[in-house]
Structures are given as structure tokens and as C-alpha cells.
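Report on the following structure.
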Protein chains: 2
Amino acid sequence: MSLRDEIFQQAEVLQELLKTEWSHVLEITDEIRKREIKYIFLAARGTSDNAGLYVKYTLGINNAIPVALAAPSMFSIYHSPPNLKNSLVLSISQSGQSPDIVEVVEEGKRQGAMTLALTNKPDSPLAVASDHVINVQAGEEKAVAATKSYTAQLFSAAMLSASLSENEVMYHDLQRVPEFVSQVLTLETLVNQIVELFYYMEQCVVIGRGYNYATAFEWALKMKEMTYLVAEAYSSADFLHGPIAMTEMGFPVFMVAPSGQVYPALLHLAKRLQEEKKVNLLILSDQDKILEYSAAPVRLPAGLPEWISPIVSIVPAQLFCLALAKLRGLDTENPRGLSKVTLTT
Amino acid sequence: MSLRDEIFQQAEVLQELLKTEWSHVLEITDEIRKREIKYIFLAARGTSDNAGLYVKYTLGINNAIPVALAAPSMFSIYHSPPNLKNSLVLSISQSGQSPDIVEVVEEGKRQGAMTLALTNKPDSPLAVASDHVINVQAGEEKAVAATKSYTAQLFSAAMLSASLSENEVMYHDLQRVPEFVSQVLTLETLVNQIVELFYYMEQCVVIGRGYNYATAFEWALKMKEMTYLVAEAYSSADFLHGPIAMTEMGFPVFMVAPSGQVYPALLHLAKRLQEEKKVNLLILSDQDKILEYSAAPVRLPAGLPEWISPIVSIVPAQLFCLALAKLRGLDTENPRGLSKVTLTT
């Protein structure tokens with residue numbers, strides 16, 4: 001199975017995940033309600049850390065739960081963990097192997113916190129250490145660059161958010177995600193053409209905000225892993241607080257801008273970048289107006305609810321990175337310097 | 001006053017800050033103890049957000065307080081703030097002007113949380129909105145790139161951490177910081193020479209871990225602001241989870257590696273980067289062994305305690321960015337596309 005195959009499995013993986021794991025998510029929700037949870041303490045690395053950004057927004061906005069991202073070194077190196085008594089310790093890891101993430105969970109347990117793992121390996125050390133496990137059920141992921149396990153992690157978090165909110169509309173939205181993912185997979189031919197415009201680039205920035213801040217980080221990470229380009233992710237606001245200085249004519253800027261609450265901020269930035277800086281803009285959006293600022297517009301499906309849009313908008317980004325890696329003659333299955341499981345302490 | 005003048009004022013600014021603000025910090029500490037604070041909810045942007053990373057490590061490791069970084073868009077755009085009742089809402093801003101940061105503080109107050117601002121402008125909207133204010137007293141900062149206000153923010157956070165811990169050794173360490181800063185300011189001539197080795201670079205990564213994770217981010221930000229280069233910050237662990245793929249022979253990697261708990265992890269990475277990848281390493285450290293892997297070693301003072309090292313190690317990094325900007329003939333006082341106060345919502 002190739003990386004491309006794994007990308008194309010995503011609609012089916014999410015469909016299955018909702019069907020088989022939803023009732024288990026409802027049980028976990030009951031348990032969360034019984035506890036006096038003041039905040040979520042989240043431990044993850046790499047791609048899973050980007051899934052953590054989505055957790056922060058969806059549980060923050062829809063469930064009013066603050067999310068603190070763990071610094072694993074406090075546990076594994078400094079041995080001075082913070083007080084976690086009133087937290088839900090949530091870990092995210094495809095392999096469930098990384099010792100530093102396991103250590104955060106074990107410390108949470110020692111302190112009496114509730115622990116929940118989102119992982120693709122329900123028999124991993126991380127799963128064994130956790131009170132509760134959501135099996136993201138992405139199936140075996142052979143390619144080093146994570147794709148389907150990422151969208152399955154996001155979807156699991158979205159299920160948790162919908163379940164905690166008891167909001168029927170959110171549950172309805174979840175059911176529509178696999179179809180939206182199928183739709184963006186049909187963009188492959190267009191994306192393969194657009195990639196040619198960026199064949200020579202050496203660096204780029206990726207901009208998203210709100211829910212899609214996660215998408216910006218994950219797109220940038222895939223770019224680094226698969227094409228070895230320097231790619232940096234920003235929120236549109238942070239970008240204005242300094243890094244905008246580095247852009248100049250022709251600088252490649254990728255923007256994730258579906259309809260939603262943060263769309264006006266991105267529209268404003270796109271206009272400025274196009275008119276004042278004359279950068280080379282690639283934009284993912286369902287909105288005509290912002291797509292006009294893009295030399296390389298990629299149209300997202302109409303009617304995509306903002307809160308689940310990150311699960312859909314990352315897919316054309318994955319296709320973009322795959323196409324660019326192929327065009328450049330790189331090994332898409334085993335990028336240099338990386339292994340599927342990274343053990344850090 | 002030039003940017004260089006502001007960099008060279010730092011030892012004096014910190015000396016004054018400790019003298020005049022320490023007793024006020026003790027009062028704020030008393031107030032924090034009276035409250036049932038479960039975690040800190042931190043709001044900041046740009047350089048101040050990097051100071052927030054230091055807050056996360058020093059208050060986490062020395063005071064066992066978890067720190068959650070706010071996503072301002074949840075307040076200002078989504079209007080769905082998380083529950084902040086049991087938090088200390090801590091804001092950091094040089095100017096105290098940014099509306100989105102003020103909005104986080106106002107929401108915290110509405111929910112009954114204690115609010116504390118670290119700012120250089122004690123009459124700013126942010127200070128007015130906050131219950132308590134630590135005036136970081138950096139004096140007027142004219143250069144767009146923040147330097148002395150950053151080290152003053154870090155030092156204020158270190159004072160708060162020492163005060164909360166009631167640890168005499170920590171207070172003693174604080175008193176030594178201005179002298180350490182004076183020592184690294186004498187590295188200017190060396191740094192001006194080293195910069196020539198990096199004259200042609202177009203991109204780089206900056207690596208730190210633990211306390212100096214903040215230094216990596218702040219160094220990368222200064223590089224972007226002042227030299228318009230693409231510079232990305234990583235922890236040594238996150239770097240191994242993907243981005244290491246983009247390095248190749250001669251790729252510039254800057255590393256902040258003073259003595260301390262995380263030093264062995266950085267030593268291991270430096271060895272790998274030098275031997276396997278043959279990257280171009282610039283290392284800041286007081287340790288002979290790691291400096292041997294560096295084509296451009298910059299020696300930090302001996303005996304620098306790890307927890308305050310970020311206040312010292314950023315100074316040669318500031319000098320590096322200033323020197324590179326000058327060498328490239330750029331405007332160091334007013335970088336293109338930036339203004340001193342950035343108003344984002």
C-alpha cells in the first residue's frame with residue numbers, strides 16, 4: 001500500500017470510525033461528566049501535536065474546556081511535573097510508543113487524573129497506561145508521513161466534542177464528513193497541475209486561523225517531511241506580528257480559508273499580501289472572493305461547516321505534498337532521516 | 001537611541017527591575033496564594049508569546065502550575081471563550097495595546113478569574129483591564145524588534161517564579177542575572193565575525209529545549225523580523241519527529257545548549273547533525289564537548305543556572321541578528337512591513 005492509497009482510504013476510515021466507535025465515545029463522555037475536570041492537559045508530538053491544536057479549538061469553542069499543551073520534558077527530563085489533579089490527561093499518538101508521552105500519562109494517573117488516549121494501536125504502551133482509549137482505527141499506516149491516522153485523530157476529537165455538547169447538529173455534521181472528504185479527493189488532477197507552479201520553490205509559509213490553525217501546521221509539517229522544503233505555519237494574526245516582514249514578491253504563501261468566523265481576517269490578509277507584497281498565493285476556500293487573490297485557487301466543497309473543515313481541508317494539502325514530492329523525484333514512502341516510530345524522551 | 005543601544009541597556013534594565021519591583025511581586029504572590037488557582041491561562045502574541053513559553057517552563061517546573069496558552073480568536077472572533085473560573089489569566093504585552101489580548105483579560109475578569117499583566121506600559125488598555133500589573137520597566141523601546149522588553153518580561157516571570165517558590169537559591173540566582181548579561185554583551189566582536197560565515201544563508205532552523213525552547217522561538221522571530229530570513233524553531237525532540245528530514249549538508253542549524261537537564265539530548269542531536277548530516281552548526285553553550293561540533297562556537301558564561309539561562313542566552317542571538325542585518329545592508333530600526341504596535345483582533 002502506497003502513501004497515495006492511504007490518502008484515498010480516508011473517507012472510508014472515517015465512515016467506519018463513526019459507525020464502530022460512537023457508542024464508546026458516549027461512554028467516555030459520561031465518565032468525563034462525573035469528574036470535576038477543569039481543563040485538558042494534552043500530550044502529543046509531531047503530526048499528533050497538530051491534531052492537538054484541533055482539540056484545543058473544538059473543545060474550547062464547543063465545550064468551554066481550556067486545553068494546556070504538555071511540555072513532555074518537564075516529566076521525562078526535569079522530573080518536575082505540574083499539578084494535574086483537576087485535569088483530563090489526553091494523549092494522542094499514532095503508534096502509542098513514544099516514551100515521553102507515556103510518561104505524561106503515567107504521571108497523570110499517579111496524581112489521580114482521568115487519562116484518555118487517542119491512538120491507532122490499542123495494545124500499545126500508551127493505551128495500556130491509559131484509563132480510556134479511543135481506537136482511531138485508521139488501519140495499518142505504512143508510509144512514514146501520517147495522513148489517514150491524522151484525519152482519524154481529528155475525527156475522534158470531533159466525535160468527543162459533539163458527544164460532550166449533546167448537540168444534534170454536530171452529530172449530523174459528523175455524518176457528512178466522509179462525503180466531504182470524498183469530494184476533495186477528486187481535486188487530485190487539479191492539484192497535480194497547480195504543483196507545477198511551485199516546482200522551484202525553496203521555502204513557503206502556510207497560514208490558517210481558528211479551527212484551521214491545525215491545518216496550517218499539519219500542511220507545513222507534511223511539506224517538510226515529504227518535500228524537505230522549509231515551511232512555516234502561522235495564524236493570520238501572529239503572521240502580522242513579525243513574520244510578514246520576510247515576504248516579498250513571488251514568495252510562496254499557502255492559505256487555508258474556508259467559510260466561517262475567521263474567514264474575514266484571512267480575506268483581509270490575502271488582499272494585503274496580494275496587493276502590497278505581490279506574493280505567490282495558493283488558497284483553499286469555498287469563497288469566490290478570496291479565491292480571486294490566488295494564482296492557484298483550490299475550491300473546497302460548499303456548505304462545509306467550519307468546525308469540521310480541518311478534517312476536509314488537509315486532504316488537498318496532503319495531495320499537494322505528495323504531488324510535489326513526486327515531481328521532484330523524491331521517495332514519498334520513506335523520506336530521508338525519518339522512521340515511522342520516533343522514540344524521544 | 002538605536003537597536004544596538006537598547007540591546008546594550010539590558011543588564012541595567014534588569015538590575016533596576018529587581019530593585020524596584022521585587023516587593024510588588026511578593027504582594028502579587030500573596031494574592032495568588034489566597035486564590036484556588038488550578039492553572040494559568042496565558043495570552044500574548046509575537047515576542048511576548050515567546051516570553052509565555054518561558055513562563056510555561058519556569059512556573060511549571062518550579063511551581064507545579066500548568067500553563068494553557070490562550071487562542072485569542074476564541075474570544076475575539078468565535079465569542080466562545082473557555083471556562084476560566086479557576087485560572088490566573090496572565091497577559092504579556094510590551095505595548096499593552098492589542099485588542100485581542102485585552103479581550104481575553106476582560107473575559108477572565110467577567111468570569112471572576114484573577115488577572116495579571118506583564119507590560120512595559122502601566123497605563124495601557126491591558127494594564128487598565130487587569131487586577132494586577134507588573135511593570136517590566138524596560139524604558140521606551142523605539143526599535144520595532146523587541147529586545148530589552150523581552151528580557152524584562154522573562155525576568156519578571158522569573159521573579160514571580162522565585163517569589164512563589166520561596167526558594168532563597170532562586171532569589172540569589174536572580175541577583176546574578178545582570179552580571180551574566182553584561183558578560184555575554186562582550187561577545188559582540190566574536191559574533192560580528194561569525195556572522196560572516198552565514199552571510200549567504202537563505203533559511204535556517206533554531207533548536208532549543210526545556211527552558212530554552214523560548215530562546216529558540218525568540219531567536220527565530222528576531223531573524224525573521226530583522227533579516228527577513230525563513231527561520232524555524234524546534235525542540236530537539238519535535239525536530240526528530242519530522243523536520244530533521246529537511247536538513248542536508250551545509251544547512252544552517254543554530255542551537256541553544258547551555259548546561260542543564262536537557263543538555264544531553266542536545267549533545268546527542270548535535271553529534272548526529274554534525275556526523276550524519278554535515279549541517280552548518282552554530283552553538284551557544286558553556287560546554288566544551290558540544291562546542292566541538294560547532295563550526296561557529298559561542299561560549300556562554302560558566303556557572304549559569306539553567307532556569308535563568310534564557311534571559312542570558314537570547315542576548316548573543318540578538319547581537320547575531322543585528323550583525324547579520326547590518327552586513328546585509330538592511331534597516332535594523334524599521335524592518336519592512338512591521339510597526340511597533342500591531343493591533344490584531
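Just to confirm the number: angle between the C-alpha axis of helix A:99-110 and the first principal axis of chain A, 0 to 90 degrees, nearest 10?
It is inclined by approximately 40 degrees.
Could you tell me which residue in chain B puts its beta carbon nearest the axis mapping B onto A, with the distance rounded to whole Å?
B:Ala68, 2
Starting from the 7 Å offset along Cα-to-Cβ, what nm value, one decimal, do you get for the label separation of A:Leu327 and A:Ala302?
In this crude spin-label approximation the distance works out to 2.9 nm.
At 0.36 nm per residue, minus the direct Cα-Cα distance, what do A:Lys278 and A:Asn334 gain on full extension? Give it in nm, one decimal, please. Walk me through the numbers before you get to the answer.
Values: separation 56, 0.36 × 56 = 20.16 nm, distance 3.56 nm.
The A:Lys278-A:Asn334 span can extend by a further 16.6 nm.
Against the longest principal axis of chain B, how steep is helix B:10-34, in degrees 0 to 90 to the nearest 10, with axes from Cα atoms?
40
When we measure straight from the Cα of B:Lys142, which aspartates and glutamates land under 12 angstrom away, once same-chain ones fewer than 8 places off are left out?
Within reach: B:Asp5, B:Glu6, B:Glu333.
What gaps in nm, shortest first, separate A:Thr189 from its twins in the other copies when you place the label 7 Å past Cα toward the beta carbon?
6.8
Angle, helix B:263-272 long axis vs. longest principal axis of chain B, Cα atoms, 0 to 90°, nearest 10?
40
For A:Lys109, give me every one of the lysines with a C-alpha distance below 25 angstrom, ignoring sequence neighbours fewer than eight places off in its own chain.
Answer for A:Lys109, where 25 Å is the Cα cut-off: A:Lys34, A:Lys38, A:Lys56, A:Lys85, A:Lys121, B:Lys38, B:Lys56, B:Lys85, listed by chain and number.
Just the ratio, please: alpha-carbon radius of gyration of the protein assembly as shown over 2.2 N^0.38 Å, N its number of residues.
Against the compact-globule rule of thumb, the ratio is 0.89.
Evaluate the distance, in nm, between pseudo-label points positioned 7 Å from the Cα of A:Glu36 and of A:Asn167 along their respective Cα→Cβ axes.
Going from the A:Glu36 label point to the A:Asn167 one covers 2.8 nm.
Work out from phi, with θ = phi - 60° and the Karplus expression 6.51 cos²θ - 1.76 cosθ + 1.60, the ³J(HN,Hα) of each residue of the range B:275-282, listed in order in whole Hz, and give x for Gly and Pro.
Once θ is set to phi - 60°, the couplings for the range B:275-282 become 7, 8, 9, 6, 6, 9, 9, 10 Hz.
Residue by residue, what Karplus-based ³J(HN,Hα) values in Hz, rounded to whole numbers, does the range A:59-65 have, using 6.51, -1.76 and 1.60 with θ = phi - 60° and x for Gly and Pro?
Result, ordered by residue: 6, x, 6, 8, 10, 6, 9 Hz.
Over what distance in Å are the Cα centres of the range A:93-148 and the range A:192-209 separated?
33
Which positions within the range A:299-345 get 30 Å² or more of their accessible surface covered by the other protein chains, compared to the chain by itself, with a 1.4 angstrom probe?
A:Arg336, A:Gly337, A:Leu338, A:Thr342, A:Thr344
Roll a 1.4 Å probe over the protein heavy atoms and report the accessible area of A:Arg299 in Å², nearest 10.
About 120 Å², ignoring ligands and nucleic acids.
Assume the label is 7 Å from Cα along Cα to beta carbon: what separations in nm does B:His268 have to the matching positions in the other copies?
4.5
Hey, what's the Kirkwood Rh for the range B:3-177 if you take every pair of different alpha carbons, in angstrom?
Working: mean 1/r = 0.0623 Å⁻¹.
It is 16.0 Å.
What is the percent of Cα-Cα separations in chain B that go past 39 Å?
Value for chain B: 11 percent of Cα pairs lie more than 39 Å apart.
Under a straight-distance cross-link criterion of Cα-Cα below 18 Å, which lysines are reachable from A:Lys277, leaving out those fewer than 8 residues away in the same chain?
By straight Cα distance, A:Lys277 reaches B:Lys224.
Quick check: the distance between the Cα centres of the range A:233-300 and the range A:14-37, to the nearest angstrom?
Going from one Cα centre to the other spans 37 Å.
Taking a point 7 Å out from Cα toward Cβ as the label site, list the nm distances between A:Arg328 and the same residue in every other copy, smallest first.
Label point to label point, same position, other copies: 2.1 nm.
Using the charge dipole of the range A:3-177 (Lys, Arg: +1 at Cβ; Asp, Glu: -1 at Cβ; taken about the Cα centre), state which of A:Ala68, A:Thr29, A:Val89 has its Cα farthest towards the positive end.
A:Ala68
Find the relative contact order for chain B and round it to a whole percent, using C-alpha pairs within less than 8 Å whose residues are 6+ positions apart.
20
With +1 on the Cβ of every Lys and Arg and -1 on the Cβ of every Asp and Glu, and nothing else charged, how large is the dipole of chain B about its Cα centre, in debye rounded to the nearest 20?
Result for chain B is approximately 520 debye, rounded to the nearest 20.
Placing unit charges on C-beta atoms (Lys and Arg positive, Asp and Glu negative, everything else neutral), compute the dipole magnitude of the range B:1-55 about its Cα centre in debye, rounded to 20.
It works out to roughly 280 debye.
Among B:44-57, B:66-79, B:238-251, how do they line up from the highest to the lowest mean number of other beta-carbon atoms within 10 Å?
B:44-57, B:66-79, B:238-251
About the Cα centre, and with charges only on the beta carbon of Lys, Arg (+1) and Asp, Glu (-1), how big is the dipole of the protein assembly as shown? Nearest 20 debye, please.
160
The values are calculated or read from the model by the stated rules, or taken from the named source; none is laboratory data. Predicted, not measured: the structure shown is a model, and the values here were computed from it. Don't worry about glycine lacking a Cβ; one is built from the backbone with ideal geometry, like all the others, and counts go over all protein chains shown. For accessibility, only protein heavy atoms count, side chains too; no ligands or nucleic acids. Shrake-Rupley method; radii C 1.70, N 1.55, O 1.52, S 1.80 Å.
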